[in-house]
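To start, the structure under review is shown below, and the notes come after it.
The values are calculated or read from the model by the stated rules, or taken from the named source; none is laboratory data. From a predicted model like this one, the values you see are computed outputs, not experimental measurements. Don't worry about glycine lacking a Cβ; one is built from the backbone with ideal geometry, like all the others, and counts go over all protein chains shown. Protein only, heavy atoms only, side chains kept; ligands, DNA and RNA dropped before computing areas. Shrake-Rupley method; radii C 1.70, N 1.55, O 1.52, S 1.80 Å.
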Amino acid sequence: MKKVTVSFTLNKDAVTAEVPVTWTLLKTLREYFELTGAKEGCGVGECGACTVIVDGEAVNSCLYPIFEIEGKSVTTIEGLANEDGTLNPIQQAFLENNGVQCGFCTSGMIMSAKGLLDHNPDPTEGEIRSSIAGNFCRCTGYVQIVEAIDMAAKTLK
Amino acid sequence: MIEYDYLKPGSLAEVLSLLKEYGPKAALIAGGTDVMVKIRNTKKSPDVLISLRELKDLQYIKKNSGYHIGALTTHRMLEQSEMVQKELAALHEGASRIGSVQVRNVATLGGNICNAAPSADTAGPLLVLDATVVLEGPEGRRSVPIAEFFTGTYKTVCQAEEVVVELEIPSEMEQFGSAYWKHSRRKAMNLPILGVAVALKLGDGDEISDARIGLTVAAPTPVRAYKAEEFLKGKPLNDDVLAEAGKIAASPDCCSPRDSLRCESWYRCEIIETYVARMGRLAAERIKESS
Ligand SMILES: Cc1cc2nc3c(=O)[nH]c(=O)nc-3n(C[C@H](O)[C@H](O)[C@H](O)COP(=O)(O)OP(=O)(O)OC[C@H]3O[C@@H](n4cnc5c(N)ncnc54)[C@H](O)[C@@H]3O)c2cc1C
Ligand code: FES
Ligand code: FES
């Protein structure tokens, strides 16, 4: 199988990977870098469990061809906490608001929330809901997630 | 097994020469939100994917003697453009309702129309905004009215050696109001059961001087409801007139919606009838708001 070598920034580190051309960003993150925070729910853009940030924007890593990542900057859930282990305010808010139950959707939810708050520090409830419209959660019923993002926005301000 | 190679040309000229060189073995990939899903679902792929993502100069929304939108413009850019929201409202509504933020951040306008799904959310808006598709190929540039662009389900006039480079919208659209209704079961992450776009222009004393109606998922391709448009021209803007236009648009003269698992034909016709009138009303209100 033909391979491709890509160099990019991953959670602030310069990295290089040699993987099959047909791999997606999600597969590369999970199987080459062993960063298993981003999940594969559907593999076709429907569920948002694989959401990561590429060059500042939330994307589905399951649809992102690895050859397109050359030179870009990728942030995953593993890149959010501080070096000393203290959590990012969005992570903290999810914990404090019971925004996490089984946790399968959580990394994607938090990355979508980050994609929103990085651009819009003072979102309305409607804007919060639309920012996670592509993230499915089977457990929480969403209310606590929306509240968590709202709380994170207030902490970050 | 899925096996393909990729190429990332840096210019349009290079893309065109690669298309020529590889012929049917190659396929273009822009945002990849249709291409990647199709490869995964069919377990089949072309031998080579030619990426358009390096063509950053085809990402723009400009206004000079008409509106010009580069084929690589993402739906998110359209959603966030104040000009599109104010002046091309139907297109704003179509683009903003596609998939999710994650999809809109990468999926492109060119990809949406080239994929040519009967449900494409920008197709109805582009039909009523009278857009022209600009293509570039081995013989140079050509322009095709969007109403002639779709030739069948997932089929367009775009030839294997051509690339769609721009969507052009005439400056006279400034005098129109427009609106798009995506009928779906959920607010997000859902393809439309039916799409209705309307653009209207009003003359003196609220007479409808020009009208365009675009329907999606109502026929094998996105279609204009010409008969209903003709009926509206010269009529006063009122509920009875709009309701009658809705009836004509929902008749076999204008559309041929099918029964499918997602929705039966009779219901699609009822949505057309109801929403042609409602979107007509909204389009007219938007003219008044902006003047
Ligand atoms: C989860 C999900 C939800 C979605 N929801 C919606 C929705 O609500 N409404 C909707 O309309 N669509 C939806 N889509 C479909 C898709 O996102 C859109 O059709 C999108 O606009 C495709 O753009 P792209 O850049 O990703 O295209 P790609 O997948 O890169 O390409 C699509 C097709 O167009 C061709 N192509 C692309 N650009 C050009 C060009 N410039 N010139 C010639 N050919 C070209 C490609 O070869 C390919 O055949 C959804 C997709 C997903 C995965
Ligand atoms: S795994 Fe990517 S959206 Fe579901
Ligand atoms: S917490 Fe279980 S899917 Fe969201």
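Only strands (runs of 3 or more DSSP E) wholly contained in region B:131-238 count here; list those with 3 or more residues that are closer than 30 Å to A:Glu46 by Cα and open to solvent by less than 20 Å² (accessible area, probe 1.4 Å).
Details: elements: B:132-137, B:140-145, B:150-152, B:163-169, B:177-183, B:194-202, B:208-216.
Once the strands (runs of 3 or more DSSP E) in region B:131-238 are filtered for at least 3 residues that are closer than 30 Å to A:Glu46 by Cα and open to solvent by less than 20 Å² (accessible area, probe 1.4 Å), what remains is B:163-169, B:177-183, B:194-202, B:208-216.
Only residues that are open to solvent by less than 50 Å² (accessible area, probe 1.4 Å) and either in contact with an Asp or Glu (Cβ under 7 Å, 6 or more places away or on another chain) or assigned to a loop (DSSP other than H, G, I, E, B) (or both): list them for region B:27-39, please. Don't jump to the end; show me each part of the working.
To start, the set of residues in region B:27-39 that are open to solvent by less than 50 Å² (accessible area, probe 1.4 Å) comprises B:27, B:29-33, B:35-37, B:39.
The answer is B:Ala30, B:Gly31, B:Gly32, B:Thr33.
Residues in region A:32-44 that are within 16 Å of A:Ser107 (Cβ to Cβ) and either more than 11 Å from ligand 2 (Cβ to nearest atom) or small (Gly, Ala, Ser) (or both): how many?
At the first step, the residues of region A:32-44 found to be within 16 Å of A:Ser107 (Cβ to Cβ) are A:33-43.
Now drop any that are not either more than 11 Å from ligand 2 (Cβ to nearest atom) or small (Gly, Ala, Ser) (or both), which leaves A:33-38, A:41, A:43.
Adding up the residues that qualify gives 8.
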**Message:** When you scan region B:41-54, do you find a residue that is within 13 Å of another protein chain (Cβ to nearest Cβ), in contact (Cβ under 8 Å) with a residue 60 or more places away in the chain and not acidic (Asp, Glu), even just one?
**Reply:** yes
**Asked** Being without any contact (Cβ under 8 Å) to a residue 40 or more places away in the chain, of a type in the set (D, E, K, R) and away from ligand 1 (no atom under 16 Å from the Cβ), is that true of even one residue in region A:35-54?
**Response** no
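Just to check your reading of the model, which residue among B:Ile248, B:Ile169 is more than 21 Å from B:Leu109 (Cβ to Cβ), among the aliphatic types (A, V, I, L, M) and more than 16 Å from ligand 3 (Cβ to nearest atom)?
Numbers: B:Ile169 fails: more than 21 Å from B:Leu109 (Cβ to Cβ).
Being more than 21 Å from B:Leu109 (Cβ to Cβ), among the aliphatic types (A, V, I, L, M) and more than 16 Å from ligand 3 (Cβ to nearest atom) holds for just one of B:Ile248, B:Ile169, which is B:Ile248.
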**Message:** Can you tell me which condition A:Ile77 does not meet? The list is (1) at pLDDT 95 or above; (2) more than 23 Å from B:Val37 (Cα to Cα); (3) more than 16 Å from ligand 3 (Cβ to nearest atom), and all the others hold.
**Reply:** (3)
**Asked** Which of (1) over 18 Å from B:Gly32 (Cβ atoms); (2) open to solvent by 20 Å² or more (accessible area, probe 1.4 Å) is the odd one out, the single condition B:Met77 does not satisfy?
**Response** (1)
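Residue by residue, here is whether (1) over 20 Å from B:Val103 (Cα atoms); (2) open to solvent by less than 60 Å² (accessible area, probe 1.4 Å); (3) not in a loop (DSSP other than H, G, I, E, B) holds:
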site	(1), (2), (3)
A:Met1	yes, no, no
A:Thr16	yes, no, yes
A:Thr28	no, yes, yes
A:Lys39	no, yes, no
A:Gly43	no, yes, no
A:Glu78	yes, no, yes
A:Ala81	yes, yes, no
A:Ala93	yes, yes, yes
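Given the condition under 18 Å from A:Leu26 (Cβ atoms), buried (at least 18 other Cβ atoms within 10 Å of the Cβ) and not charged (D, E, K, R), answer yes or no: does some residue in region B:60-67 qualify?
Step one: filter region B:60-67 for residues under 18 Å from A:Leu26 (Cβ atoms), giving none.
Within region B:60-67 (the criterion being under 18 Å from A:Leu26 (Cβ atoms), buried (at least 18 other Cβ atoms within 10 Å of the Cβ) and not charged (D, E, K, R)), the answer is no, since none of the residues qualifies.
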**Single residue of region A:30-52 satisfying the filter (aliphatic (A, V, I, L, M) and facing chain B (nearest Cβ under 10 Å)) that is farthest from A:Arg129 (Cα to Cα)** = A:Val44
**Asked** With respect to the numbered conditions (1) within 18 Å of B:Pro192 (Cβ to Cβ); (2) not in a strand (DSSP E or B), which one is the sole condition not fulfilled by B:Ala243?
**Response** (1)
**Fill in**
When region B:90-130 is checked residue by residue, the ones that are more than 9 Å from ligand 1 (Cβ to nearest atom) and either in a helix (DSSP H, G or I) or assigned by TED's automatic domain parsing to the domain that holds B:Pro192 (or both) are B:Ala90, B:Leu91, B:His92, B:Glu93, B:Ser96, B:Val101, B:Gly124, B:Pro125, B:Leu126, B:Leu127, B:Val128
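Of the residues A:Leu35, A:Leu87, which single one is hydrophobic (A, V, I, L, M, F, W, C), within 25 Å of B:Ser100 (Cβ to Cβ) and in a loop (DSSP other than H, G, I, E, B)?
A:Leu35
Taking the conditions exactly as written (in a helix (DSSP H, G or I), buried (at least 24 other Cβ atoms within 10 Å of the Cβ), touching a helix residue (DSSP H, G or I) at 6+ places or on another chain (Cβ under 8 Å) and among the polar types (S, T, N, Q)), does B:Gln85 satisfy them or not? Walk me through it before giving the result.
Numbers: in a helix (DSSP H, G or I): yes; buried (at least 24 other Cβ atoms within 10 Å of the Cβ): no; touching a helix residue (DSSP H, G or I) at 6+ places or on another chain (Cβ under 8 Å): yes; among the polar types (S, T, N, Q): yes.
Judged against the criteria, B:Gln85 is not a match.
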**Request:** Find all pairs meeting these conditions: Cβ atoms under 6 angstrom apart; at least six residues apart or on different chains; first residue within region A:97-109 and at positive phi; second residue part of a helix (DSSP H, G or I) and surrounded by fewer than 15 Cβ atoms within 10 Å (Cβ to Cβ).
**Result:** none
**Message:** Which residue is nearest to the other protein chains (Cβ to nearest Cβ), if the candidates are limited to region A:107-157 and must be within 14 Å of ligand 2 (Cβ to nearest atom) and open to solvent by 20 Å² or more (accessible area, probe 1.4 Å)?
**Reply:** A:Ala133
**Request:** Might you check whether a residue that is more than 10 Å from chain B (Cβ to nearest Cβ), open to solvent by 10 Å² or more (accessible area, probe 1.4 Å) and modelled with pLDDT of 95 or more occurs anywhere in region A:61-71?
**Result:** yes
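Can you find even one residue in region A:84-92 that is within 16 Å of ligand 2 (Cβ to nearest atom), in contact (Cβ under 8 Å) with a residue 40 or more places away in the chain and under 18 Å from the mean Cα position of the chain (by Cα)?
Here is the first cut: in region A:84-92, the residues within 16 Å of ligand 2 (Cβ to nearest atom) are none.
No, the conditions are met nowhere in region A:84-92.
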